[in-house]
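Just dropping this structure here.
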């Protein structure tokens, strides 16, 4: 059966992102929810591009900590854990 909209690929990508978030949450439970991630690290865990992550930040969907021009994302904010 053909998949003209690429739904199978999109589903695989979504499942991969969920798996990465679950693994990050497992590490966090044993680690620190306040761990700061670079934009590249946060995008990798979220399963999106750095540009997409920066758009979420610009829209106010994700909190950041700014260090001069650099931004940092708390792991807890990325995974939804506010511990």
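The values are calculated or read from the model by the stated rules, or taken from the named source; none is laboratory data. What you are looking at is a predicted structure, and each value in this text was computed from that prediction instead of being measured. When we count neighbours, we look across all protein chains shown, and the Cβ atoms used for this are built from the backbone with ideal geometry, even at glycine.
Within the stretch 49-58, is even one residue modelled with pLDDT under 90 and not in a loop (DSSP other than H, G, I, E, B)? Explain how you work it out, then say what you get.
Our first condition is that a residue be modelled with pLDDT under 90; within the stretch 49-58, this holds for none.
No: the stretch 49-58 contains no residue that is modelled with pLDDT under 90 and not in a loop (DSSP other than H, G, I, E, B).
Of the residues 58, 43, 52, 8, which single one is surrounded by 15 or more Cβ atoms within 10 Å (Cβ to Cβ) and without any contact (Cβ under 8 Å) to a residue 12 or more places away in the chain?
Details: 58 fails: surrounded by 15 or more Cβ atoms within 10 Å (Cβ to Cβ); 52 fails: surrounded by 15 or more Cβ atoms within 10 Å (Cβ to Cβ); 8 fails: surrounded by 15 or more Cβ atoms within 10 Å (Cβ to Cβ).
Step by step, each of 58, 43, 52, 8 is checked, and only 43 is surrounded by 15 or more Cβ atoms within 10 Å (Cβ to Cβ) and without any contact (Cβ under 8 Å) to a residue 12 or more places away in the chain.
Cβ-Cβ under 8 Å, sequence separation 6+ or interchain: first residue in the stretch 61-83 and loosely packed, with under 15 Cβ neighbours inside 10 Å, partner modelled with pLDDT under 85 and not in a helix (DSSP H, G or I). Which pairs?
Short answer, once both residue conditions are applied: 81/33; 82/33; 83/33.
Exactly one condition in (1) under 10 Å from residue 78 (Cβ atoms); (2) assigned to a helix (DSSP H, G or I); (3) at pLDDT 80 or above is not met by residue 62; state its number.
(2)
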